[in-house]
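Undergrad: The following block contains the structure, expressed as structure tokens.
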């Protein structure tokens with residue numbers, strides 16, 4: 001009986017060892033391909049527009065939020081607080097911001113740094129897909145623990161910017177992102193946790209993201225609903241005279 005128990009124990013130990021070894025020996029391409037399948041990247045290619053409804057919680061304030069995305073590379077974000085709207089626009093080339101909370105209702109052009117940051121946000125398939133075309137290099141940095149969950153750590157890098165993605169080793173879904181960038185001569189870092197994933201047309205979307213910058217500012221974005229392939233005019237993503245009129249009403 002002791003011999004049989006020993007054999008069972010050694011067999012179990014070998015199984016666990018092989019499983020861990022197989023996990024550690026995953027290549028960057030294998031991890032990414034699994035992620036693409038689970039996240040529904042192939043389905044996302046058929047999506048032309050995304051409209052996201054939700055709200056943002058920061059500094060004890062609650063702001064309703066609508067975000068519009070349209071291929072290629074267009075985004076409009078509206079955050080409403082007590083009747084005033086903070087609007088961010090990007091038409092694929094130029095960006096503007098209308099910020100009444102800063103004391104102005106006139107659209108202000110974004111500088112090249114802010115525009116570069118927006119370009120990363122308008123990728124429908126995410127930065128991990130076709131990362132080379134977005135100017136990044138990628139490296140798999142091994143398995144790391146994120147609050148008790150084993151994750152595959154993937155590092156994207158380009159000049160003045162580094163992003164680490166942490167993908168759950170069981171689901172291949174990102175549960176954390178960490179970024180470091182140089183912004184106007186200062187190092188800015190941020191950690192973002194992603195959870196409450198839901199599938200819409202076989203595409204996985206995180207319905208809760210919690211971000212905290214190195215200045216201690218914490219932002220929680222809650223998604224209430226998402227609609228795909230809603231017809232959106234290109235004019236929605238450009239500055240129009242009535243934008244400022246609406247702000248003044």
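The values are calculated or read from the model by the stated rules, or taken from the named source; none is laboratory data. Note that this is a predicted model, so its numbers are computed, not measured. Cβ atoms come from the backbone with ideal geometry, glycine included; neighbour counts cover every protein chain shown.
Undergrad: For the stretch 59-72, state whether one or more residues are in contact with a helix residue (DSSP H, G or I) (Cβ under 8 Å, 6 or more places away or on another chain) and under 22 Å from residue 208 (Cβ atoms).
TA: Yes, because at least one residue in the stretch 59-72 is in contact with a helix residue (DSSP H, G or I) (Cβ under 8 Å, 6 or more places away or on another chain) and under 22 Å from residue 208 (Cβ atoms).
Undergrad: Would you confirm, using the coordinates I've provided, whether residue 189 is modelled with pLDDT under 90, under 19 Å from the mean Cα position of the chain (by Cα) and either under 30 Å from residue 151 (Cα atoms) or in a strand (DSSP E or B) (or both)?
TA: Taking the combined requirement at face value, the residue satisfies it.
Undergrad: Within the stretch 23-43, identify whether any single residue is surrounded by 17 or more Cβ atoms within 10 Å (Cβ to Cβ), touching a strand residue (DSSP E or B) at 6+ places or on another chain (Cβ under 6 Å), at pLDDT 95 or above and part of a loop (DSSP other than H, G, I, E, B), and answer yes or no.
TA: yes
Undergrad: Looking at the stretch 88-116, which of the residues that are in a strand (DSSP E or B) and free of Cβ contacts under 8 Å to residues at least 24 places away in the same chain is surrounded by the fewest Cβ atoms within 10 Å (Cβ to Cβ)?
TA: Restricting to residues being in a strand (DSSP E or B) and free of Cβ contacts under 8 Å to residues at least 24 places away in the same chain, the top hit is 109.
Undergrad: Something else: Any residue in the stretch 24-50 that's without any contact (Cβ under 8 Å) to a residue 12 or more places away in the chain: show its pairings with residues that are assigned to a helix (DSSP H, G or I) at Cβ separation under 8 Å, as long as the two are six or more apart or on different chains.
TA: Final answer for the pair search is 42/36.
Undergrad: Related question: Among the candidates 172, 165, 205, 124, single out the residue that is outside any strand (DSSP E or B), modelled with pLDDT of 95 or more and in contact with a strand residue (DSSP E or B) (Cβ under 8 Å, 6 or more places away or on another chain).
TA: 172
Undergrad: Right, residue 64: more than 18 Å from the chain's Cα centre (by Cα) and either loosely packed, with under 15 Cβ neighbours inside 10 Å or part of a loop (DSSP other than H, G, I, E, B) (or both) or not?
TA: For residue 64, the condition - more than 18 Å from the chain's Cα centre (by Cα) and either loosely packed, with under 15 Cβ neighbours inside 10 Å or part of a loop (DSSP other than H, G, I, E, B) (or both) - is met.
Undergrad: Return a yes/no flag: does the stretch 234-248 have any residue that is more than 23 Å from residue 101 (Cβ to Cβ) and in a strand (DSSP E or B).
TA: Checked the stretch 234-248: no residue is more than 23 Å from residue 101 (Cβ to Cβ) and in a strand (DSSP E or B).
Undergrad: Give 85, 119 a once-over and let me know the one that is in a strand (DSSP E or B) and in contact (Cβ under 8 Å) with a residue 24 or more places away in the chain.
TA: 85
Undergrad: Could you tell me whether the stretch 50-57 includes any residue that is at pLDDT 95 or above, in contact with a strand residue (DSSP E or B) (Cβ under 9 Å, 6 or more places away or on another chain), closer than 30 Å to residue 227 by Cβ and assigned to a helix (DSSP H, G or I)?
TA: Scanning the stretch 50-57 turns up no residue that is at pLDDT 95 or above, in contact with a strand residue (DSSP E or B) (Cβ under 9 Å, 6 or more places away or on another chain), closer than 30 Å to residue 227 by Cβ and assigned to a helix (DSSP H, G or I).
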